[in-house]
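Novice: Below you'll find the structure I mean.
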Amino acid sequence: MDALNKLFMHTNTSLENAFSRMEQQVPAPQRVEWGDDGFVFRYVEQTIEQAIVLKLARIVTGLYSAILLHRNGFFQEQGVMQRVLDELCEDANFLLYAVIRNDVTDLHKRYLTAFFEEEFDATMPTIDAPQKRPMIKRQNIRSYLTDIDAQGLSSIGQKANPAEIGKPSRTISKAYSGFVHAAAPHVMDMYGGLPPKFYTRGMLGTPRELEYAVDLWNYFFRAILAFTLAARAFGDRECDEFLVGMRKEFEAASHEILGDV
């Protein structure tokens, strides 16, 4: 797994460099007074591009976290992080297509309002804060993305059934929710060996190690696609070309390591 872990780290470093480039293309965060004598950093303009930058930042840190968890054999927790990455990539793509298509819908506007809303009120004790953040339904975000995929298939003459297109994302979400909520079948994946036991200090050296390495590969591939879409949304041709080349290198290197696994 050493070669694959090195590939993951190299890939995420490249994504981090791309992130730094995109971050510079939006107005920087500013100090905002908070409470009696404190401050926080905020994107005061609250643009859709700034929201994209925030999502990309968490994709990078999420991938680093998943690498560390996998290296130490904590595959249950890796599954939790992958569930987070699912939604981060969905959210990023949801916002990116609005920019690329120059079509910020009412759904996007409501999403941005909720996204930038403060969790707490600086003028009152934290315990008394109303915490009234409205949540946009995940189903609505997925429906938007499914419609775009269907339009893309139709444009090249292929049959597009939105119900079928949306099945993979729904299935993945349900599967990984079990890691978040510690569903019994998922927790039992920690049990095995001779004699059987719960692997509470990680599962390195077990058959699960390769299984979760291949699983993590998918999240790196999806992150590369999201960042490529971001480069196009930001009109950064040089970054776009770099990421396309990086994806090809990532595919070739991982095939050499994993073969047809």
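The values are calculated or read from the model by the stated rules, or taken from the named source; none is laboratory data. Predicted model, so just to flag it, every value in this text is computed and none were measured. Every residue, glycine among them, receives a Cβ derived from its backbone with ideal geometry; neighbour counts consider all protein chains shown. These area figures cover heavy atoms from the full protein model, side chains too; ligands, DNA and RNA do not enter into them. Shrake-Rupley method; radii C 1.70, N 1.55, O 1.52, S 1.80 Å.
Novice: Mind telling me which of P196, P168, P134 comes out most flexible in a GNM of the chain, alpha-carbon contacts under 10 Å?
Specialist: Checking each option, the largest mean-square fluctuation is seen for P196.
Novice: Set the Förster distance to 41 Å, then compute FRET efficiency between S143 and V32 from the Cβ-Cβ distance, nearest 0.05.
Specialist: My answer for the efficiency is 0.75.
Novice: Now a separate question. What order do D106, D236 take when sorted by accessible area (1.4 Å probe), most exposed first? Numbers along the way, then the final one.
Specialist: On the way: D106 100, D236 15 Å².
Output order, biggest surface exposure first: D106, D236.
Novice: Over 23 Å between Cα atoms, which of K132/K167; K6/K248; K167/K248; K6/K174; K55/K109; K109/K132 qualify? Provide the component values of the computation, followed by the final result.
Specialist: Values: K132/K167 31 Å; K6/K248 17 Å; K167/K248 27 Å; K6/K174 30 Å; K55/K109 16 Å; K109/K132 17 Å.
Those over the limit are K132/K167; K167/K248; K6/K174.
Novice: Quote the charge dipole size of region 180-233 about the Cα centre in Debye, to the nearest 20; the model charges only the Cβ of Lys and Arg (+1) and of Asp and Glu (-1).
Specialist: Roughly 140 debye for region 180-233.
Novice: Could I ask something else about it? Gaussian network model of the chain, Cα springs within a sub-10 Å range: biggest mean-square fluctuation belongs to which of H108, H181, H70?
Specialist: Maximum fluctuation in the GNM of the chain, among the listed residues, is at H181.
Novice: Let me ask something additional. Averaged per residue, what accessible area in Å² does region 1-118 show with a 1.4 Å probe, protein chains only?
Specialist: Accessible area per residue, region 1-118: 49 Å².
Novice: With only alpha-carbon pairs counted, each pair once and no self-pairs, how large is the Kirkwood hydrodynamic radius of region 168-255 in angstroms?
Specialist: Working: mean 1/r = 0.0630 Å⁻¹.
For region 168-255, inverting the mean 1/r across all distinct Cα pairs yields 15.9 Å.
Novice: How big is the dipole moment of the chain about its Cα centre under a simple scheme where the beta carbon of each Lys and Arg is +1, that of each Asp and Glu is -1, and everything else is neutral? Debye, nearest 20, please.
Specialist: Values: 28 positive and 35 negative charges, 139 e Å.
It comes to approximately 660 debye.
Novice: To check my understanding: the extent here is largest minus smallest coordinate of the Cα atoms along each principal axis. What are those three numbers for region 38-143, in Å, largest first?
Specialist: 43, 42, 25
Novice: For every helix of n ≥ 4 consecutive DSSP H residues, a contribution of -39,500 (n - 2.57) applies; sum these over the chain, divide by its total residues, and give [θ] at 222 nm rounded to the nearest 500 deg cm²/dmol.
Specialist: Here the helix-only value at 222 nm equals -22000 deg cm²/dmol.
Novice: Using modelled backbone amide H atoms (1.01 Å from N, in-plane), which distant-in-sequence or interchain residues come within less than 5 Å of W34's amide H?
Specialist: Distant-sequence amide H within range of W34: F39, V40.
Novice: Hey, another quick one. In nm, give the distance between the simple-model label positions of Q25 and T47, each being 7 Å from the Cα along the Cα-to-Cβ direction.
Specialist: About 1.1 nm separates the two model spin labels.
Novice: Which percent of the Cα-Cα distances in the chain go past 33 Å?
Specialist: Summing the P(r) of the chain above 33 Å gives 29 percent of all pairs.
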